[in-house]
Amino acid sequence: MSVLTLPAQPGQQTAPPPPPVPWRRMVWVTWRQHRATLISVPAVLAAVAVFLVIFGLKAHHDYAALVHCSLNQGQQTQACAQAFRTFNSSDWPLANTCSILMQLAPVLIGAFAGAPLLARELETGTFRFAWTQGVGRERLAIAKLALLAVTLVVLAGAFGELFSWFFQPFLWTEEMNRLTETVFDTSGIVFPAFTLVAFAIGAFLGMLFRRVIPALAATLGVYLAVRLVAWGVRKYYPVAVVTGNTKIFSQFQTPRVPGYPWILSSWVTGPGGQAASPSVANQILNGPPGGSIPPGYTEWNRWIPLSHYWPMQFIEAGWLLVLSIALFAATVSLVRRRAA
Amino acid sequence: MTVFAGVASRAAQGAAAGPRPVPWPGMLWVTWRQHRGLLITVAVGFCVAVAGMLVTGLRIHHDYALLSTCHPAASAACQGLSNFFTSTDWHEGQFVHVAVQAAPVLVAMFAGPPVVARELEARTFRFAWTQGIGRVRWTAAKLALLGSALVLPAFVISQLLTWLYAPFLRTQGLTDLTPTVFDTSGLCYAAWTLVAFCLGAFLGALVRRTLAAMAVTLGSYIGLAALTWFYLRNHYPVKTYWPMQLFEAGWLLILSAALVGGTLWLVRRYAA
């Protein structure tokens, strides 16, 4: 706390403890400096939310008709075929566009909020004033980081829930499930976690580069790298199960329970437990689901059941949170070390 | 051309003396100097993208050649090739495609708004706009140089993507006219890149603040793209690939010209 610029108080042997953080003032300062972000992010999200609700109600309505069709008449009738065509050609393209934009949302929100947070103070020179206030530069930085982070995480969490509801009808028709990369990333607690990590990357790079625009550009790149790492390591989370089958693994799904489980690897053992010859193995692994397997052979699968969605969400959100906290700590440490 | 801040001696030459020719080498140096961060990033990104797409594309074409010559198609070995092609190869193809689709607006967001807004924000316009060349031609030259530095690589990337993606048109039930394919092939991709850049430059001159203009550029571009996808394209007077490409590139070019005109008009009007 050596950086606090308290007035000298002669006569006291030891430095007095720093005064309590004036949180209410910090809220005001944060609001005042970042009101453009704090107004525009909720405004844009609210506008998109209205669209998602309106379009989502239509999609759910169309989907209910599809489910009714396939449960009662099969897909053979003319009306049902028409219903499927409409759903695939008019509802899906728009939903797919929304899904792609949703992939970009965390990094756009995080980068635009995070990169200018400290870089703008340094670029415009206002840090000379801001950092010499009684509250201290570290606590000022922590307060701004914390307030914006909490706001963004809450907004992203609520928006992610809405999007998951909106996207739900498309899982079955597009052969996706809750573990599909793009769906997993935009649902549950992983979506706000990605938003948080994008914000933390932006704030850290802003403090490192001390310039807003280069920090913003670099945030896009670093976030992409984090996302690719997440996609790469996901299958190694300790949630997979291994099962052996005497019938070819049946990847069934119904309109009520959409989605296949995520099969990580498959192999075949012959009688006696040794690996089957490649030709037999190929025949079994590429055979029709539910088909029979020659006696003595077993098809093994290492797979993640859909019911393991929440453990996976907690693991991924967990390491993203740890990464964010590390980045926040590095940012505050850079603030402390920067010669004012 | 009343905005030229020519030296007094030129006024003595009379009205007949038109403006001197644009000193292109000089403006080339200025543009490079002011935007070298962007230009280096674009050049490096372009080289990495071309290398990556060549490697991926050659593998995809190789796998597709194996698959299409595999007999009999129902055999387990052919099924294995087919599964690999429609999962791993298709997955990578989609990833490249989405990245290419997102690139124009992400690059233009960083290239367009600073052209005018940063001069205003950093107050360098007081120096830049009082040079002999005049503020309108100063801005026009920078727009032309930066615009070509973005549009030419974009055209190359789109042709490369069309080659990389060709096998999937046969296996994944896509056509030339599928919106995502149409956007990234022919002339459209370069035209969309140009319009994104001009939109950024115009909004930079209008909003006068780089960061805010970047965010607005992103929003307007997405709005324009969505409008085109879901409404405008269904109302084109032509329905086949090349006429549609020419029509779309045409109106995008006109829009870009209008945005450049708007930018120059704003620059000219701005009280220095």
Once both labels are modelled 7 Å past Cα along the beta-carbon direction, what's the B:Q94-A:V53 spacing in nm? 3.1
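If contacts are Cα pairs under 8 angstrom and at least 6 residues apart, what is the relative contact order of chain B in percent?
26
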What angle, in degrees between 0 and 90 and rounded to the nearest 10, separates the Cα long axis of helix A:212-233 from the longest principal axis of the Cα atoms of chain A? 40
According to the Cβ-distance criterion of 4.7 Å, cysteines of the protein assembly as shown with no possible disulfide partner are A:C98, B:C47, B:C188, B:C198
Given B:31-38, A:24-31, A:199-206, the highest-first ranking by average Cβ count within 10 Å works out to A:199-206, B:31-38, A:24-31
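Ranked by Cβ crowding within 10 angstrom, fewest neighbours first, how are B:I133, A:I325 ordered? The partial results should precede the final answer.
On the way: B:I133 23, A:I325 14.
Taking fewest neighbouring Cβ atoms as first place, the list is A:I325, B:I133.
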Find how many whole Å separate the alpha carbon centroid of the range B:226-255 from the alpha carbon centroid of the range A:268-314. 49
Say the dipole of the protein assembly as shown comes from +1 at the beta carbon of Lys and Arg and -1 at that of Asp and Glu; which of B:A108, A:T180, B:C78 then lies farthest toward its positive end? B:A108
Measure nothing fancy, just the Cα-based angle from helix A:92-124's long axis to the longest principal axis of chain A, in degrees from 0 to 90, nearest 10. 20
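If R0 is 60 Å, what FRET efficiency do you get for A:R32 and A:N88 from their C-beta distance, rounded to 0.05?
Values: r = 49 Å, r/R0 = 0.82.
E between A:R32 and A:N88, to the nearest 0.05, is 0.75.
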Can you give the mean number of other chain Cβ atoms that lie within 10 Å of the Cβ atoms in peptide A:106-112? 2
So what's the gap between the Cα centers of the range B:115-141 and the range B:49-88, to the nearest angstrom? 53
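Express the Stokes-Einstein translational diffusion coefficient of the protein assembly as shown in µm² s⁻¹, to the nearest whole number, given a Kirkwood radius over alpha-carbon pairs, 20 °C and a viscosity of 1.002 mPa s. Don't skip to the end; give the middle numbers.
On the way: Rh = 27.9 Å.
The estimated diffusion coefficient comes to 77 µm²/s.
Using Cβ contacts closer than 10 Å as the measure, can you line up B:L259, A:L208, B:L152 from fewest to most?
On the way: B:L259 22, A:L208 16, B:L152 13.
Sorted ascending by nearby Cβ count, the order is B:L152, A:L208, B:L259.
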Per the 1/(1 + (r/R0)^6) rule, R0 = 41 Å and r from the Cβ atoms of A:W310 and A:A81, FRET efficiency to 0.05 is 0.65
10 Å Cβ neighbours from other chains, averaged over peptide B:98-107: 2
Would you work out which of A:A230, A:A59, A:A119 lies farthest towards the positive end of the dipole of the protein assembly as shown? Charges go on Cβ: Lys and Arg +1, Asp and Glu -1. A:A119
How do the peptides B:185-194, A:218-227 rank, highest first, by the average count of neighbouring beta carbon atoms within 10 Å per residue? B:185-194, A:218-227
Measure of size requested: the Rg and Dmax of the range B:19-66, with Cα atoms as the atom set and Å as the unit; please supply both. 19.0, 63
With +1 assigned to the C-beta of every Lys and Arg and -1 to the C-beta of every Asp and Glu, and no other charges, what is the dipole magnitude of the protein assembly as shown about the Cα centre in debye, to the nearest 20? 2700
What Kirkwood Rh does the range A:141-243 have if only Cα atoms enter the pairwise 1/r average? Answer in Å. 15.5
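Kirkwood Rh, chain A, all Cα pairs: how many Å? Please list the in-between numbers first.
On the way: mean 1/r = 0.0424 Å⁻¹.
The Cα-based Kirkwood calculation yields 23.6 Å.
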In nanometres, what is the gap between the two model label sites at B:V156 and A:L162, each 7 Å from Cα along Cα-to-Cβ? 4.3
Kindly provide the helix-only [θ] at 222 nm of the protein assembly as shown, computed as the sum of -39,500 (n - 2.57) over DSSP H runs of four or more divided by all residues, to the nearest 500 deg cm²/dmol? -23000 deg cm²/dmol
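Readers should treat all values here as calculations from the given coordinates under stated rules, not as data from a laboratory. For clarity, every value in this text was computed on a predicted model and none was experimentally measured. Cβ coordinates were reconstructed from backbone atoms using ideal geometry, including for glycine residues, and neighbour counts include every protein chain displayed.
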